[in-house]
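Here's the structure we're looking at; comments come further down.
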Amino acid sequence: NFRQAAGIANVFRSASTDVLGETDVSQLEGADKFVAQKPGLILDLRSKNEINEQLAQKWTAEQGIQMTESDSYSATEKRRTAVQITVLSMDFVDKQWFDSTELQKAAELQPEELEGLRIEKLNERGLFGLNQLILESGRVGLCKALMIITRRFEANADDVILIECLLGKDRTGMLVMLLQSLTEFSDDIIVNDYNASDNTSSYFGSEAAATALGERNYGKLDRKLFSGATKEAMVSTLDYLRQKYGSISPGYLDHIGFNHMWRRRLRCCLKVSHSSANDRIYW
């Protein structure tokens, strides 16, 4: 799930890069070679328990990439850097999606039982709910990510930046959507770029594949539901942000702390082409 962010020539998006640690770097080619050798900054939006530290450290060390967390990142850093930023917290589910009965029940649950209840609420709300969860629980992290992108490009104008998460579509998709919104891309461009990550039909296209999954257990994520990146989910996400914040840019971005001065700085750094936004670069 690797490609250029639609219309932004110096920003790329990808699923987990840990797989690069399984291959001899001298044998890499295509997208793998590009990811290993080109980006000056990698923004890793995965949570710590989603990262295979052994594989991640292996390939980044071989490529001279420094791994760090967002609070430790230096704006003047010149060397290649991978920055881990958390943009998803399930605590939001308790505060916003639980009713009074569920809140009372949650207070009596063991941690693993509470996590199961949270997952069930997320399953009920689907992809749009996941996007909402990222945008609301990840405000601080998303703002940090936008600021780091800005500072990196200001210090290294010719850099390429890679944004990654586990599947390269949800957390990555929300951050790319914010970049495209502040540079005034149309909804069609944003929706189609998100939808390009939709694997539902290929992954579950046969009856045999669906049957093989069996019945989903309570408290487990619905893999069939969350494998996708449907147009409807992004349309609902854009509508939600506009209804709640008045707009995405400036509305939502102002709310999370990425104000007009930051937006102006970032716009000056992004290599944007509205005319080529539909011409995605794949490997």
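The values are calculated or read from the model by the stated rules, or taken from the named source; none is laboratory data. Since we're looking at a predicted model, the values are computed, not measured. No Cβ is skipped: glycine too gets one built from the backbone with ideal geometry, and neighbour counts run over all protein chains shown. SASA here: full protein model, heavy atoms, side chains in, ligands and nucleic acids out. Shrake-Rupley method; radii C 1.70, N 1.55, O 1.52, S 1.80 Å.
Using the Cα centre as the reference, give the magnitude of the dipole from point charges on the C-beta atoms of the chain (Lys, Arg: +1; Asp, Glu: -1; all else neutral), rounded to the nearest 20 debye.
Its charge dipole is roughly 960 debye.
Listed highest first by mean packing, meaning other Cβ atoms within 10 Å per residue, what order do 160-167, 35-42 come in?
160-167, 35-42
Most mobile of Val83, Val25, Val272 per a Gaussian network model of the chain (Cα springs, under 10 Å)?
Between Val83, Val25, Val272, it is Val25 that shows the largest mean-square fluctuation.
Roughly what % of DSSP beta bridges within the chain run antiparallel, to the nearest 5?
Once the DSSP bridges in the chain are tallied, antiparallel ones form about 20 percent.
Among Leu88, Gly129, Ser273, whose Cα sits farthest toward the positive end of the charge dipole of the chain (+1 at Cβ of Lys/Arg, -1 at Cβ of Asp/Glu, about the Cα centre)?
Ser273
Which of Gln132, Gln66, Gln180 ends up with the largest GNM mean-square fluctuation for the chain, with Cα atoms connected below 10 Å?
Top of the fluctuation ranking is Gln66.
Most mobile of Ser14, Ser26, Ser74 per a Gaussian network model of the chain (Cα springs, under 10 Å)?
Ser26
Quick one: if the Förster radius is 41 Å, what FRET efficiency do Asp24 and Asp222 give, using the C-beta to C-beta distance and rounding to 0.05?
So the FRET efficiency works out to roughly 0.65.
Please give the charge dipole size of the stretch 69-213, origin at the Cα centre, charges +1 on K and R Cβ atoms and -1 on D and E Cβ atoms. Round to the nearest 20 debye.
500
Calculate the FRET efficiency for Gln37 and Asp239 from the Cβ-Cβ distance with a Förster distance of 51 Å, rounded to the nearest 0.05.
It comes to 0.80.
Would you mind calculating the relative contact order of the chain from Cα pairs under 8 angstrom and at least 6 residues apart, reporting the percent as a whole number?
Dividing the mean separation by the residue count of the chain yields 30 percent.
Give the residue from Ser227, Gly251, Ser14 lying farthest towards the positive end of the charge dipole for the chain; charges sit on Cβ (+1 for Lys and Arg, -1 for Asp and Glu) and the dipole is referred to the Cα centre.
Of the listed residues, the answer is Gly251.
Once R0 is set to 51 Å, what does the formula 1/(1 + (r/R0)^6) return for the Cβ-Cβ distance between Thr101 and Asn192, expressed as a FRET efficiency to the nearest 0.05?
Efficiency computed from Cβ-Cβ geometry: 0.80.
Given the rule -39500 (n - 2.57) for each run of at least 4 DSSP H residues, summed and divided by the residues of the chain, what is its mean residue ellipticity at 222 nm, to the nearest 500 deg cm²/dmol?
After summing the helix terms and dividing by residue count, I get -14500 deg cm²/dmol.
How much length is gained on full extension from Asp254 to Ser47, taking 0.36 nm per residue of separation minus their Cα-Cα distance?
Full-extension gain reported as 72.0 nm.
Which entries in Lys78/Lys271; Lys105/Lys231; Lys121/Lys231; Lys144/Lys244; Lys224/Lys271 show an alpha-carbon gap greater than 26 Å?
Cα-Cα > 26 Å for Lys105/Lys231; Lys224/Lys271; rest within.
About the Cα centre, and with charges only on the beta carbon of Lys, Arg (+1) and Asp, Glu (-1), how big is the dipole of the stretch 112-169? Nearest 20 debye, please.
For this selection, approximately 220 debye.
For the chain, I need the span (max minus min coordinate) of the C-alpha atoms along each principal axis, in Å, sorted largest to smallest.
Principal extents (largest minus smallest coordinate, Cα): 53, 46, 37 Å.
Ignoring any ligand, DNA or RNA, what whole percent of the accessible area of the chain comes from carbon and sulfur when the probe is 1.4 angstrom?
Percent of accessible area from carbon and sulfur atoms in the chain: 47.
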